[in-house]
Structures are given as structure tokens and as C-alpha cells.
Amino acid sequence: MSILDNVKFKYGPGIQQNYKYIVDIRTLFNGTSKNESTVYVEGTVNLRFLTRCDAVLTLSDITLNEKSLSGLKNSAHPNSQQFADAVTENSLRFSFKDGLIAELCPSVDEPVWVLNFKRGILSLLHNSMKRFDLDHSGEEEDVQGKCFTEYKVLGANGTGLLVSKYKNLNLCQRRSKLHSILQTTTTGNFNRNKKNDNILKSSSHCHLVIDHNIYNEISCEETHVFQPFSNQNSGVTTVVQQKLSLISEDMIEVMAEEPEVSRRAILGFDNVLPSKVTHGELKSSRDLLKKLCRSQDVYHDGLSELFSKFIQSLRLISYPAMSALYGHSKTTCPMARYGFSMIFLVLAITVLKILLDVMPFINTAASVSIMRDIILKETVPENIASEWLFSIAFIASPDRDVVTAAASLLQENKFSQTITLSVASLVHTFCMVQDNCNNSEAVISVVNYLESRLLEALQIGNLDREKYDEIMVLLKALSNIGIISDNLQNELFKIIRDNNIDTALRIAAVETFRRFSCENTRNYFVEIFRNQEVDAEVRIASYIQIMRCPNYLLIRTIRHSLLHEEVNQVGSFIWTHLNNLLKTSVPTKVEIQSLLSEKDLVKKFSSDIRKYSHNFEGSLYFDDYNLGSSYDSNVIFSTSSYVPRSVMFNFTVDMFGESLNIFEINSRLEGFEHYLESLFGPKGSSNIMPNSIIKSIRQTRDIQSDEALKNEMDQLPNFFKNVTKDPKEISYKKSHVLLDCNYIVPTTAGVPILLTALGTSSVNVKLFGSLKTGGFSKNRELELDLTADIQPTVSLDISGEMSVDAFYASTGAKIKANIYTDTAIKTIVKVRDKKLVSIKFSLPRQKNEIFSVRWYINKSDPTANVYLFEYKRTQRKDLSVISLTFDTPGSEVKRVLNANLTVDKQSHNLTMLLQSPEGEMLARGKYKNTYDEKFIQIALDVNRKKHFDASFSLTKHDIKNGYTYRPIAYLVVNGERVMKLEGSIDSMSKRGISQYTVDLKFETKRLNSKLFGYISKSESSLEVNMYQDYKFQNAKEQRIVLKFGVANRSRNNMVIVVGFCNLTCTAYPYLNFVSNATFQRSGGHMDLAIKLNQSPTSQSSNLEKENLEFDLLFSYKAFTDNKRTLRLVAALNKESSDIHLKGEFTYEHFLYDINIAALVKYGDNKDVSVTMFWSHPRSTMEQIKTHINVTIPSFTPMIFNLDIEEKHPKYYQIDLKATWFSGHSITALGFYQDKSVASSLNHHIKLSLNSPSFQNINADLQFYRDNNVLKLDLKALHDNDDYQIFFHYQTVTLEETRMLINIKYKEKLYKFLNTIYDGPYKRIHAELHIDQ
């Protein structure tokens, strides 16, 4: 640790500062209750500086109390002495660079929670201010994470300086951690200015008093509100208060030698959950087990809560205590109640089952050791052992003892795939939460065992299937851990390069390095990837390996390889993978995107997904919510097969700064080509497959006897196997942990806030019943009788807690929820083929509980014990009757509900009758569907009174050259006709002409309407002539006439289409109009003319003035000499409104010249015209001409003429003439020269401006820019006066820059000269000259 010159603080060797330290932690329901849980710590903090930037922290006189000194009484915590011994045992050495604490040097055996507690004290001393007399803000990293921190100088108090310190904890990074069975990867919040979606609303304020450049007093208050159940600042709240006050300063002797550094750490909080062992919890666990024992015969709503408490108590006991509890499980239940009867024996077995159920959910070293002992002794069924081993892989925060216990299970048992993969996953989780895990003896023993067994298996020449699978599992286990020795690494390199070894094994060897350090193997895998003689699958696997952590040089290398790639399989995969990376929205791949660009993606490979390897990716991310998801899939082909060799699919969810991998599926296929060819090849059996499938389906029904069905049912799961002709009872009891997670948030005191959630369930299902069957053969009807009594009981308990854990003491507030169901159902089912289905069930209990929060089903009629559901079907020759019945036979209240459906195929009548105690409803229907007639009629009667009657029919009759259709429809509601439709539609065709004659009448209560007319259609024309007469009640009859026609009159090479559309409306004559249009096209010419005349009601001169006339003419011509013209003319006239508008637009393009003209006429002698000319010939020298003329009445025409001609290369002559609407004019003559080269920009323009409105102006502008100089020089001469703006910026050296600014106004000169030197010493020189 180097010595730096302190600027702010004056701490140094020879003086020890002694501080009084107080921590007051309270957890309460703020705003709803005065109850609170408190922890109070008090002690002395000694700071001893070895050098000016190296110090030692020592704690002494530490006490742990349960009540704050501000309360009524202070009482020592029972664990106060243990807490004090732990935190005072070791001193803590740390770096102190003028307030910044970057590194800690704790003792090797310092517990995690003790080091975190001391981090809280050092975070008070951590200060990132530049100076004490200036405010400061910026990111600061301490025990609370990386947070934006603001320091504000408040003023002075005597000799002390007052400073406030505020942290926005809601924007902190690397702060919280979630511990659960679901392993996540921290992705962070990529929008740092956006508030994280934290479940805690937190704030931190501190007040600092600095006297004589050392801390005199520091006081901080931090609040955390649990947001899901809060209302602003009300709710479950934790308040942490800290105070560090200077007591005295003592002169001490400076140590000659500094303590040796054996371990290094940072100031950030360590989120590892420390394991706790409390020997006194054995009695509590035994008592809870007794309660669970007594609860097995009578399930109640508190059973799952007991199970939760039992799990929590078991997590606090040691391995010997848990072994004793398991060993005496058979005698745990009280014998006084049951004696030595068979019932006691059953309960003893039940207690053992409870312990077996709970073992995989404890997740401690003791539970793993117990499971190891039981598995090695083989005293549990294989399914329970598999469940235990599966749970070991999901332990969220394993410690060294857990890994040691699991490692012994791996080494003392015969080889098992499940044990190997579970232990490997456990070791990986341990390495994620523990630093330097590769130095752990347990981890080393696991890795050595796996490597030795792998190397031993690799020595075998001819591998059988069992040894081959063992090697693959061992490689997968080592890839999960991510730790490999140098010896094994070399062996794997040999396997990857050996073309004689199976490809799948070589790929597995590559994937073994997926969690290994990229830097150590990158060059090797780049070499494999670039070697085009290596198998394509191995090259793709190597590419995936090196892309796990790419850099800029690697991306350049891949791009170069892609340009020269000759294997389509490899090139197709790389191209799709890079293309997906460039487009993805996954936050963790943003850094890779910055290394890529479109030019890297050279697409020269076939992208047929049926034949070539591909990478597929899809992602969606909402930055505002810090939420998203993505999928990633690889389909890998081999050059020697048309069937994909491997397929991978991965689905990941990103939320709240964590990346959660939901699942990943990998599959590999080899040798399937033969089977596919036998099915789908030229001589395959795919043509006969449909018949084979149908035959196999029908065979499942071809059972010749009832005994055969019984034999089939015997092969089904136990549920059906036990429900047979002889009544039997099935019982299922199981307790589970549904939710177990811890969310850790550090506080400024170094003790964590724990948000824990634990959910457990207890299920007890009893089933008693019998099943009788018959008639499953072809020639007999189906008969089935099922009787079943079902008694499901389920208890679900979910508890959440917000606590501050000081290891030996804690504060906390709990929230609990319990769901409980206890019902009983008796069911009788009777089936007689398709004729009868009867379901009858009863609720024997008066009360059936659904939830323990008083939500239950209570029968309102105690006599309703039986509920009958019956389906019955009767089939005759032309008559079908289907009935549905619901009833509660034997009850006092009549509840019969009956539905009857009758279908008469001969008369086409349908009848549905619904009956209930409240009345009946009859629905009648009749239908007919033939070629000549479509008919449907519906009627509805309620309690024998007609409410609805509707009918619709359509008949078809033959006539000469066609048909006549006659539609009839009517609707009657409550005996009154609402609507009627009738009439005819004639359809006739003759000599290529079709005509439809319409005559329809439509009547309602208020409207009578008639539609008549015709529609005529031929090959080249369409004509519509329709009349609509209508009359509303108490109104005059009106008519609407629509005439429309389109005709194609094309001839030879000319296309001619004409059309017209006329509308006449007697009720609204101002809507009447007559219109026609003509379209012509021939060769390169095209014309369109449209004319519309509105309100053509009379030829009278007065009415003609009300007419609105619109004309449109469009013309386009293309000539053989490439000349093109376009003309558009539109006119709108209305005499009465004095509207006379006309617009014309012309466009002409010939060679390099373009002429545009636009004219708008809005009255007599009121024309606005715009003309434009543009010419840009293609030649070696540039020449541009443009002329614009805008003419507006009462104004001088605006004229703009610009000619630019290149006289010499990059030397241009400029001639500008312009006149504005006001009559002012200007001319400009000059030149522009471009002297730029590759290393610099150099532009020069000189103009002479002449105008009758002002004296001549001569302007000269020069611009120059290269790597070291930036210069701008603008000069002007006006009326014999000089004007100048001069700017010159120069980088003299890497440390020195100069800047000169001159401004000249007539005879006055303003000058500014500035020199900045940024070398070993800093220098700024500035000169300012002003003429007065």
C-alpha cells in the first residue's frame, strides 16, 4: 500500500482515535401498530494508523441488547457475549487513501457476517469528496453497493465542519442478491438513470462533523419500506441508525513491522448466507415432530404451518442432533396414547415418512450428511433416493460443510449418473457464492475424483455403451464445475484433435471448457476453428466456445475466416449466429453488439435451413420495466448426413437485473438415415402407413371379452389398478416445500435485511371405490358402473418475513397466509352405451371447507344429500329424443331441471322443452334444405305464451334463359309483426350478356320501401340502373336513382375506358350529380379526363348558377428521344359563390435539363406562377445552372439565378443574381477553391456582393483543419472599413495546447490568447487585449 499526500484528512501513525459506536435497528409495522422488534449494539471502535494510508480497525466493549436505550429499559441479549467474542476476536487492516477505502485485509478465519459488520463501520469513514469546502456528487461503492452519492457542505459549527451525505439507494448497482433454487446471473440495470424495480423503498442520510481534519461525529439513518404491502411510508419498515462519536485520542508507539497480509477483500457487502447451528433447537424440533405425528390421523388447517416450522427448526440443528432425531423417530410419538398396538406401529412409520419427506428441503450440511448415510446404507426406496439427489443440485447457498458431505457421497458410492451430476451442480453453485473455491479441499477432492475416473475410462481401448455413457457424464460434470487440471486439459486437447475418436465425444470435450477461463484456451480453440480440415461439428463447437467471451481482435479474426470459409455448414452457422447477435435485444449481449457491424456479415453461404447448420434467436426486452425474455437454438448438420446431428434449445427470462435460465434442451441424433429412408425413401413404407395406423387404432377396440379389458386396466397406474370390482381404499399423503427463497439487501450497518419466503403444502387424499364393466366387445353394448368416495384434504401455508439478521440476534416482522380445503364427495356413475349416462354425487358432510379464511360451502338444504345428473337418448326410425336431467331426490325443495330435445327427420321438425319448478320454455323449429327451396322457422313459447316467431325462405324457379329467386322473411315479437321482406330477383343470360332484374319490398312499422331496377353485365361493360322508393310514416314518398356504367372500348393498340355515374335524390337535391370519365393509353402516351357537375336539376339560368363544376385533365407523354412531359390541369367553378379556381402543373425533362411550371388562378387577372429551371450536364468539369421565378400580383417578381462553373479542377466560379418581392436586388461574383487532401481539410471562398441598397462588400473566408491545427479566418471590407474574425487552435504537444482569437471591428481589435499545459505540473496562461 503506497503512501499518498493527504489533502482532506490528517490521520496518521502515532495517534489512535477512539470512537463510541452505536447501532439501533428497529423493524415495525409503521402506521398500523406500535409494536416493534429491536436490536441495539454498543461498543468502542479503535482506529490505529500504521501509515498515513494504512490503518487497523479494532472493536472492544461490544454489547448486544434487545431494547434501544431510547426505550423504557435496556436488557442484554442472551447471545451478547457470543456476539462480542466473534466481532472482537480479530482486528481488520484496511487501506485509507485520503478517505477512500478500496481494500480490506481480514484474517483468514474471519466469518463472513463479522467482516460485513466491520464493513458497515468502515463505510461510515469512506469519503469520496475532493475537498471539504466544495460540494461533491458521484458514484461511490461501499457496503451498500455502487450508489450515486451527494455531499453538501452545510457550514461550520465552532471548529467543526458540517457535511450532509445522501444516497439514492433505489439506483444502486450490485446491491441485493436473491438466493433460491433457481440459479440466476446478475445482468445489472443498463439504464442507470432509471429507478430499479426494487421491492424495498430505501433511503440513507448521514451528517458528518469534521474537526481538525478528522471525523468528530458521524450519524446516519437508513429506512427500508417493504413496497408490496405499503402505502407511501406506511407498512413493514426497518430503520437503521448509526452513530460514531470521537471519545479520545491516545499517543501510541508506531509498530516497526506491519501485520502480514494473508487475505484481501473489498468494501462491498458479501451476500453469502452464513450457516447457523443451535444445539438447543433439538427439543423444539422433537416437539414439532410430535405435533405432526398427532396431526396425521386428523388433518387440519395448521398442518402446513407445522411443517414450515419443522423445516425451519431442523435448519438450526447439528449433524449429531439430527442423527439422534432420525434414530429415535420410531419412539417419538407418545406411547401412552396408542400403547403397543398396530396403530402405534402405523404412526411410527408415519413419523419416519415425515422425516423422509422433509430431508430434501432442509438444505444444510447436517441434512445432506443424513441423506448420504441413508443412501449409502440403501435403507430408502430408489425413488426417494433419486428425489434427494435431485434436491442436492438445487441448494441455493451451500457452504464448505455441505460440499464436503456431498463429496463423500460421490466417493463412497458406486458410480451413478444422478449422484455425479447433482454433486457437480452443487459444486458450481458453491463456486458462484464463494471466492477462490478452487482452493477448497472439498472442491479439490470432487474434481480429482472425477478427473481420475475419467482418465481411467479413457485408457480403455474399445468402449462399451456403459463406459461411453460414463465418460459423457463425467465430461458434463466437469463442464458444470468449470475447474480442470492442466493434465486433464492436455488430454482433452488430444481428444479434440484426434479424428479417429467419435465426434460426439470430441464435442463433449470442447464443451467441457464452457465455464473455464477464456484467456487460457482462446488461442487453442481459435486454431481449431480456423482449421478447415477439422470436422465441421467440432469447428462449430469451438466457435461457440470462443464466442462466450469475445473481444475486438477475435471478431476481426472471425470476419477474416468467414471471408475465406469453404465449408458451407460452418459458414452458414457463423453467419446466422453473428446476424442474430447484431439484432438481439438481450442485455447481456449488448457489449458483443458494440464489436460487430453490418460489414462483418458477409453472406456468401446457402441459408437453406433444411440442409445447413443454423442459429436461431428471438428476444424481447422492455428497458422501462427491466424485463424481457429470449430463446436461442442451434441446429447443427454434419457434412456426412442430411439429418441434423444435434439440436439445442434454450429459453431465458431477464427480470429485475437477473437472468434466469428456465430450461435448456440438448439432443443428438446419429444413425437415423436408414430408418428415414425405409419410411420415406423410394422403396419406403410411407404409402401403407395410413392404413397401418388406422388398423392399429381399431385394434385397441377389438377386445373379445370383459376379462381382456380387465387385463388392460391392470397395466395402468395404481389409481386405476386399485379401483376394480372389489372395493379397495387408496391413500396418498405428502408434504412439499413449494417456495423457499431469501432476498438479501445490505444495510449501512453491515447487517443484512433478509426478505424470506417459505411456502409448504400438505396433501392427504383418500379414495374408496369399485368399478364394474361389461360390453367392451364388438357385438355388445357398453356397460359401466363406478362407485367412488373421495376425501381430499389440502393445507397450504405461505409465510414471509422481513428481518435484520445480526447472526446472534435479529429483528423481524412476519406476514402469513394459509389456504385449507377439506371436502368429501360420494359419486355413482352409470353408463349404458349411448342410451344412458347417469352421474349421481352426494356431499355427506353438512359443511365442506374450501379455505381456512372462512370461505366454505354450507348446504342451505340439509335434506339435499344426493345430486343426480342424467343423460338419456332414445333412437327410433325417424325420431330421436335426447334428455338431460338434474335433480336432488329426497330433498324438501324441488329442484328438478329437465331439458328435452326431439328431432323428427321426416317432417324436419325440432322441438326443445326446458322445464323447471319456476315454469317451462318451448322452442320449436322447422327446416328444409333442398335445391329448389331453403326454409327455416323458429318459434319460442314461455309458459305456453308466444314470444318470438321468425321465418326465412328462398325459392328458386326456372324461367326462359335463367332463374327467378323469391325471398320471403318475417319477424313477429309478442304477436306483433316487426319486419317483412318479399319480392323477386330474375337472373337471365343470353349471348354473353347477363342481366339481373330486382323487385323487392321491405316493410316495418314505420317504413315502406321498394327497390327495383336492373344490372347488366357483358364481357366489356357493366351497367347499373336502380330505383329506390321509400316512405316513412306521415311523410311524402321519395325516390333515389343511381345510374352507373363502365365500358371498355379499346381497339388495336389503344386502350380506351369510359364510364359515368349519376345520382338523383328527391329528398336531398343538393346531392344530385352527373359525372363521366375517359381514360386512354397508347404507347408512351396516357390521358385521363374527369368531369363532374353537381345539382343538374334544371336548365334555368338561375339554377345553373348553383351548379358546381369540376374538371380534371391528366396527360403524360414519353418520346423516343428520352424527352418526358407531364401536364395536370384542374378547374373548379361555381357561379353563385363566385368560385373560379384553376390550377396547372407542367413538368419537362430532356437530357440534363428540367423545366417545371406551376400556375394557380384564383380570380380575374389573379394569377400566381412559379417557374424553375435546373441544368447539370455530365462532364469532366462541373457546371450547374438554376433559375427560379415566382410571380405574385402586386409584387415584384422574385428572381433567383445561380451559375456555378468549374474553371479548373476544384476551382469554381460563382455568379449569383437575385431579386426579392420588395424590389431589392443583389449580385455576387466570386470563387470557391477546395485544397483538401487526405490528412487535412482546406477550403477557401471569396465573394464580392453588390446591391443598390448598400455599399459593396468584399468577403474572404478560409477554413483549415488537420490533426493538430484548427483555423478559421473570415475577412470583410465594407465602405473602406475592415472586419475580421480569426480563430486558431493548435495542439503543440500531448501536454500543451494553444488558442488565439482575434476580432476586428473597424479600427478596434479584440484579442484573446490562451495556453494550457497538462503535464507533471498544471499551467494555464491567458491574455486578453481590448482596444478602447
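The values are calculated or read from the model by the stated rules, or taken from the named source; none is laboratory data. Predicted model, so just to flag it, every value in this text is computed and none were measured. Heads up, the Cβs are rebuilt from the backbone with ideal geometry, glycines too, and the neighbour counts pull from every protein chain shown. The accessibility values were calculated without ligands, DNA or RNA, using every heavy atom of the protein model including side chains. Shrake-Rupley method; radii C 1.70, N 1.55, O 1.52, S 1.80 Å.
Principal axis extents of the C-alpha atoms in the range 1233-1332 (largest first, rounded to whole Å): 61, 43, 13. Taking the 1.4 Å solvent-accessible surface of the range 890-972 as the whole, the part contributed by carbon and sulfur is 58%.
Entry comment: accessible area of the range 955-1061 is 68 Å² per residue, from protein heavy atoms only and a probe of 1.4 Å.
Projected label points at A1047 and D623, each 7 Å from Cα along the beta carbon direction, are separated by 6.4 nanometres. Subtracting the Cα-Cα distance of F1012 and M1181 from their residue separation scaled by 0.36 nm leaves 53.4 nm. Gain on full extension, evaluated as 0.36 nm per residue between V647 and K1001 minus their Cα-Cα distance, stands at 120.7 nm. Measuring nothing but how far apart in sequence close Cα pairs (under 8 Å, 6+ apart) lie, relative to its length, the range 434-567 scores a relative contact order of 19 percent.
Carbon and sulfur atoms: what percent of the 1.4 Å accessible area of the range 82-129 do they account for? The value for the range 82-129 is 49 percent carbon and sulfur by accessible area.
At full extension, S838 and V1237 could sit 134.0 nm farther apart than now, given 0.36 nm per residue minus the alpha carbon distance. Directionally averaged projected area (the range 1066-1201, Cα convex hull): 12.1 nm².
Relative contact order for the range 1180-1332: 10 percent, from Cα pairs under 8 Å spaced at least 6 residues apart, divided by residue count.
Can you classify the range 908-1011 as rounded, prolate or oblate using the Cα gyration tensor, where a ≥ b ≥ c are the square roots of its eigenvalues, rounded means a/c under 1.5, and otherwise it's prolate if a/b beats b/c and oblate if not? Verdict is oblate for the range 908-1011.
Is the shape of the range 925-982 rounded, prolate or oblate, going by the alpha carbon gyration tensor and its root eigenvalues a ≥ b ≥ c, with a/c under 1.5 for rounded and a/b larger than b/c for prolate? Oblate. Taking all protein chains in place and a 1.4 Å probe, what share, in percent, of the accessible surface of the range 457-523 do carbon and sulfur account for? Of the solvent-accessible surface of the range 457-523, carbon and sulfur hold 41 percent. Entry note, the range 945-1102: relative contact order of 11 percent, from Cα contacts under 8 Å with a spacing of 6+ residues.
Taking every protein chain into account, the accessible area of the range 490-535 amounts to 50 square angstrom per residue (probe 1.4 Å). Solvent-accessible area of C741, all protein chains in place: 30 Å² (probe radius 1.4 Å, heavy atoms, ligands and nucleic acids excluded).
What the Cα convex hull of the range 1016-1089 gives, in volume per residue, is 76 Å³.
Using a probe of 1.4 Å on the protein chains alone, the accessible area found for L1151 is around 110 Å².
First check a/c for the range 48-134, with a ≥ b ≥ c the square roots of the eigenvalues of its C-alpha gyration tensor; if it is under 1.5, answer rounded, and if not, answer prolate when a/b is larger than b/c or oblate otherwise. Because a/c hits 1.5 or more and a/b fails to exceed b/c, the range 48-134 counts as oblate.
Normalised Debye scattering of the range 533-584 at q = 0.15 Å⁻¹ gives log10 I(q)/I(0) of -0.38, counting only Cα atoms as equal scatterers and leaving out solvent. Diffusion coefficient (Stokes-Einstein, Kirkwood radius over C-alpha pairs, 37 °C, 0.692 mPa s) for the range 431-543: 223 µm²/s, rounded to a whole number. These residues, E217, E617, E511, go from largest to smallest accessible area, 1.4 Å probe, as E511, E217, E617. From the largest down, the range 1098-1168 spans 52, 25, 11 angstrom on the principal axes of its Cα atoms. For the range 964-1086, taking Cα atoms only, Rg and Dmax work out to 19.8, 69 Å respectively.
In this simple spin-label model, placing a label point 7 Å from the Cα along the Cα-to-Cβ direction at both N1280 and D958 gives a separation of 11.5 nm. As a rough guide to protection, the peptides 55-61, 129-135 ranked by mean Cβ packing within 10 Å, highest first, stand as 55-61, 129-135.
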